[in-house]
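S.K.: Right, I'll just put the structure down here and ask away after.
The values are calculated or read from the model by the stated rules, or taken from the named source; none is laboratory data. Quick caveat: nothing in here was measured; it's all calculated off a predicted structure. Neighbour counts run over all protein chains shown; Cβ positions are idealised from the backbone, glycine included.
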Amino acid sequence: MKGELALVTGGAGFIGSHLVRALTAQGARVRILDNFSSGSRTNLSGMEHSLEVQEGDIRNAIACRNACRGVQYVFHLAAYISVPGSIQDPVTADSVNIGGTLNLLMAARDCRVRRFVFSSSAAVYGETGTTPIPETTLPRPLSPYGVEKLYGEHMARLYHALHGLETVCLRYFNVYGPGQNPASEYAAVIPRFIAMLLEGKTPTIFGDGEQTRDFLFVEDVACANLRAAQAQGVAGEVFNVASGVSTSLNALYDALKRGTGFRKKALRGPERPGDIRHSCADTTRAREMLGFTPQFDLAAGLARTIAYYRERAGVRASPAGR
């Protein structure tokens, strides 16, 4: 990809900014399309002079077309990413995740983009009753967000079949790592818990805590995107991007307590609507067809993530009396 131009939508966001760093490390030229509604320019710190940043919204077809001009690869990460938010405000979620994705696909087709890598989600599966979950599992999403991501996958497949646009869809499971925003109302569990523990606050686990998730470090997700852009014979395909390891929220909390020096038991709350009970991916296809194998296990990833938030919060030692 050295010298080639890649567009990253949502490139100032959590995953997007890590992907931008990975692309620049490979010598690619990078253009970003972001409306900065959730992303931040601080995520691009140190890279500003090597990037082309276009501030715009994927709901604007003209902005999408301008962003795709001259591009060889599109990595489409911009999205309304909250499952609870999509339930509360499905109109906005649809306009971004359906309308915005269609705008990008049309622009990529018209601008003759070589490959379009779409960031999908394990939310398309819903409650399957099967673990690990292979890509052949019938999707039964439990939220508008899951439905919207499934729409994006189907449209990507159709644009490959009808228009010859090479598309690859990546179903992310639970991504974590440095740079996630713990302050958002819909923040992911790991950054939210770490931030609370470092502040001496006791977090709440909803339900019995035995629900399981498949956690993947963000740098591995960036690597999966690079693999998806360059692998041969994968156009029109869908892949799980995950660790393939199942971890309960109770076990996660215990690991975070060890890493931060916190001692108190978690508070308990009721189960939340739209939450999936068990989630763990079958990663065989990504390993065999993309050549993707995660480089970080949960312990290594959490250690780097806790160190990041500890430094960010100015916490130099484990808080006393916890």
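Residues are listed down the side, and each one gets a yes or a no for (1) under 19 Å from Thr247 (Cβ atoms); (2) out of contact with any strand residue (DSSP E or B) (no Cβ under 7 Å at 6 or more places or on another chain); (3) of a type outside the set (S, T, N, Q):
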| position | (1), (2), (3) |
| --- | --- |
| Ile190 | yes, no, yes |
| Ala195 | no, yes, yes |
| Gly200 | no, yes, yes |
| Ile205 | yes, no, yes |
| Gly209 | yes, no, yes |
| Asp214 | yes, no, yes |
| Glu219 | yes, yes, yes |
| Ala222 | no, yes, yes |
| Asn225 | no, no, no |
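S.K.: Testing Ala300 on (1) part of a loop (DSSP other than H, G, I, E, B); (2) in contact (Cβ under 8 Å) with a residue 40 or more places away in the chain; (3) not acidic (Asp, Glu), one condition comes back false. Which one is that?
M.R.: All conditions are met except number (1).
S.K.: Quick one: in the range 256-313, of everything that is of a type in the set (Gly, Ala, Ser) and farther than 27 Å from Arg227 by Cα, which residue is nearest to the chain's Cα centre (by Cα)? Outline the logic, then answer.
M.R.: First, the residues of the range 256-313 that are of a type in the set (Gly, Ala, Ser): 259, 261, 266, 269, 274, 279, 281, 286, 291, 299-301, 303, 307, 313.
With the extra rule that they be farther than 27 Å from Arg227 by Cα, the set shrinks to 259, 261, 266, 269, 274, 307, 313.
Numbers: Gly259: 24, Gly261: 28, Ala266: 26, Gly269: 26, Gly274: 18, Ala307: 21, Ala313: 24 Å.
Within the range 256-313, the match that is nearest to the chain's Cα centre (by Cα) is Gly274.
S.K.: Let me ask you something else. On the basis of being under 24 Å from Val74 (Cα atoms), of a type outside the set (Lys, Arg), assigned by TED's automatic domain parsing to the domain that holds Ala228 and in contact with a Phe, Trp or Tyr (Cβ under 7 Å, 6 or more places away or on another chain), does Ala156 make the cut?
M.R.: Values: under 24 Å from Val74 (Cα atoms): yes; of a type outside the set (Lys, Arg): yes; assigned by TED's automatic domain parsing to the domain that holds Ala228: yes; in contact with a Phe, Trp or Tyr (Cβ under 7 Å, 6 or more places away or on another chain): yes.
In short, yes.
S.K.: When you scan the range 152-264 for helices (runs of 4 or more DSSP H) that lie fully inside it, which ones turn up with 2 or more residues that are among the polar types (S, T, N, Q)?
M.R.: Details: elements: 189-198, 218-230, 249-260.
It comes to 218-230, 249-260.
S.K.: Still on this structure, I have one more. Being in contact with a Gly (Cβ under 9 Å, 6 or more places away or on another chain) and either aliphatic (A, V, I, L, M) or assigned to a loop (DSSP other than H, G, I, E, B) (or both) is the requirement here; does Tyr80 meet it?
M.R.: Numbers: in contact with a Gly (Cβ under 9 Å, 6 or more places away or on another chain): yes; either aliphatic (A, V, I, L, M) or assigned to a loop (DSSP other than H, G, I, E, B) (or both): yes.
Answer is yes for this residue.
S.K.: Within the group Leu170, Leu165, Leu226, Leu249, which residue is in the same structural domain as Ala123 (by TED's automatic domain parsing) and out of contact with any Phe, Trp or Tyr (no Cβ under 7 Å at 6 or more places or on another chain)? Outline the logic, then answer.
M.R.: Numbers: Leu170 fails: out of contact with any Phe, Trp or Tyr (no Cβ under 7 Å at 6 or more places or on another chain); Leu165 fails: out of contact with any Phe, Trp or Tyr (no Cβ under 7 Å at 6 or more places or on another chain); Leu249 fails: in the same structural domain as Ala123 (by TED's automatic domain parsing).
From the options Leu170, Leu165, Leu226, Leu249, the qualifying one is Leu226.
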